[in-house]
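Here is the structure we will look at.
Every number in this text was worked out from the coordinates using simple rules, so none of it is lab data. Please read these numbers as outputs of a predicted model, since none were measured by experiment. As a convention, Cβ positions derive from the backbone with ideal geometry for all residues, glycine included, and neighbour counts pool all protein chains shown.
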Amino acid sequence: MIPVTKPFLPKVHEFEEYIHSIWERQWLTNNGPLVNELELKLKSYLELKHLLFVSNGTIALQIAIKALGLTGEIITTPFSFVATTNSIVWEGCKPVFVDIDEETFNIDPKKIEAAITPQTSAILATHVYGNPCDIDAIQEIADRYSLKVIYDAAHCFGTKYKNKSVFAYGDVSTTSFHATKVFHTIEGGAVFTQCPELLKKMALMRNFGHDGPDEFSELGINGKNCEFHAAMGLCNLKEVDEILDKRRLLSFYYWKALGDLEARYPKLNGNLDYNYAYFPVLFDSEDLMLRCLKALENEKIYCRRYFYPSLSELPFVTSTYLPVCDSISKRILCLPLYHTLTCSDLDLITRVILRVQNYDRPVVNGKLNHTIPVNNLQPVFAGLQNGAI
Ligand SMILES: *Cc1c(COP(=O)(O)O)cnc(C)c1O
């Protein structure tokens, strides 16, 4: 069986050492030493001054919205995980969906301005699959209309934009350290900001608003994380460079093997060190995608339709017609990608897909009649040494 993803598990004895230390200290949660150590190590790894470790990526979004004091309408993307929209609605704001770019699948900055009203307070965009949005264009619009910017960077651990962690952008960035993400703490997440006052506010909000044992300076919530999750994070952080390398090699192998497929891939932002968080394939038709999905399931290979359906069709939002997102979300499929996949797994997966595509195709002069899609989005097949995977 090949699932779409598998959580990384560190060596069990390394985790056990941390667990023994927790038993010795008997300090389980509430800003314990492992939580502090993880925050310090993450700041140093990511080369960022500020970050707060929180209980998950959804509460990270909620704290960001609350701390920025957002009200009214928030402009957002329909092409993301449901938590992006949920957190807006949960915080009593109205999501206003703007269609995505045909090539990057991120929110289309050219369409943002038309959606701004006097009620708009912010833009909440997702860097889909770890590929950064058009950050400069979004910031320019936000500055012109005095809007706040939040980035849902849940897919972005290890991604750099202009030589800085992508978490450094926006008024606040948030991420998730859920078990399915590139770097994980089982459950967990973080908020990032460059602004010390905002950081202080979010730190208070994370811990019920406690400002001293008997004082409360903010409306807060319980967004803390604990020693056990920090221990998993400390183990996994040591391995994360290797995990990122492996995903890059696997992705290149896929691109090469799928060269003949009638499909394309998201166009990666320039100025980028990419983390290869997912392997999305945009098929030319929904029919071909569905036939591939079925054929793969017959071989016990399980993919996911990330992201389908469009978030603008959720039952608790105002349904919005967004032709690009509607079309892309119907045709997209994420193929399996995780650190223990092998070349022969990829050979099997790609063979099944190509077999489905080529099955009905007319043969002309003894050759399959199809054109190889010109794919300027495909990085050069380099760096993959035979047997390196
Ligand atoms: C995973 C994810 C989240 C939610 O993170 P949790 O830690 O599971 O709460 C939010 N947004 C996006 C885009 C995600 O992929």
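Output wanted: per-residue J couplings in Hz (rounded whole) for the stretch 142-155, from phi through Karplus 6.51 cos²θ - 1.76 cosθ + 1.60, θ = phi - 60°, x for Gly and Pro.
Coupling constants for the stretch 142-155: 4, 5, 5, 10, 6, 9, 7, 10, 10, 10, 7, 9, 4, 9 Hz.
Enumerate the amide H contacts of residue 148 below 5 Å, restricted to partners 5 or more residues apart or on another chain; note that Pro and chain-start residues carry no placed amide H.
So residue 148 has HN proximity to 122, 123.
Whole number please: convex hull volume per residue of the Cα set in the stretch 78-233, in Å³?
In the stretch 78-233, the Cα convex hull volume per residue is 132 Å³.
For the chain, what does -39500 (n - 2.57) per DSSP helix run (n ≥ 4), summed and divided by total residues, give at 222 nm, in deg cm²/dmol to the nearest 500?
Theoretical 222 nm ellipticity from helices: -11500 deg cm²/dmol.
In the structure shown, do any of 41/246; 11/201; 41/66 have a Cα-Cα gap over 29 Å, and if so which?
The answer is 11/201.
How many percent of all Cα-Cα pairs in the stretch 1-96 sit more than 18 Å apart?
Roughly 66 percent, once rounded to a whole number.
Less than 20 Å apart at the alpha-carbon level, and either on another chain or at least 8 residues along: which aspartates and glutamates does that give for residue 94?
73, 108, 113, 152, 171, 313
Residue by residue through the stretch 278-294, which ³J(HN,Hα) values in whole Hz follow from phi under the Karplus form 6.51 cos²θ - 1.76 cosθ + 1.60 (θ = phi - 60°), with glycine and proline marked x?
9, 10, x, 10, 9, 6, 5, 9, 5, 4, 4, 4, 5, 5, 5, 4, 5
Which number comes out as Rg/Rh for the stretch 81-128 once both Rg and the Kirkwood Rh are worked out on C-alpha atoms?
With Rh from the inverse mean 1/r over Cα pairs, Rg/Rh is 0.96.
Using θ = phi - 60° and the Karplus relation 6.51 cos²θ - 1.76 cosθ + 1.60, list the HN-Hα couplings for the stretch 310-317 in order, rounded to whole Hz, with x at every Gly or Pro.
Running phi through 6.51 cos²θ - 1.76 cosθ + 1.60 with θ = phi - 60° gives 4, 5, 6, 9, 4, x, 10, 10 Hz.
Roughly what % antiparallel, to the nearest 5, for the DSSP beta bridges in the stretch 12-237?
If I count the DSSP bridges inside the stretch 12-237, around 45 percent turn out antiparallel.
Taking the chain, how much of its Cα-Cα pair set, in percent, is spaced more than 29 angstrom apart?
Percentage above 29 Å: 45.
Over the Cα atoms of the stretch 178-223, what Rg and Dmax result, in angstrom?
Taking only Cα atoms of the stretch 178-223, I get Rg and Dmax of 13.0, 39 Å.
Determine, for each peptide in 182-193, 103-114, the mean count of other beta carbons within 10 angstrom over its residues, then list the peptides with the highest first.
182-193, 103-114
Report, for the chain, the % of DSSP beta bridges that are antiparallel, rounded to 5.
Of all bridge pairs located within the chain, approximately 60 percent are antiparallel.
Would you grab the residues whose amide H sits under 5 Å from the one on residue 73? Only those 5+ places off in sequence or on another chain, please, with H modelled 1.01 Å from N.
It is 94, 120, 121, by chain and number.
Rank-order 332-341, 239-248 by packing density, defined as the average count of other C-beta atoms within 10 Å over each peptide's residues, highest first.
332-341, 239-248
Taking the Kirkwood radius as the inverse of the mean 1/r across Cα pairs, report the Rg/Rh of the stretch 99-153.
Rg/Rh: 0.94.
Too long at a 27 Å Cα-Cα cut-off: which of 6/111; 256/300; 49/160; 181/267?
Too far apart for the 27 Å limit: 6/111.
Can you give the local net charge around residue 209? Use residues other than it whose beta-carbon is closer than 10 angstrom to its beta-carbon, Lys and Arg +1, Asp and Glu -1.
That works out to -1.
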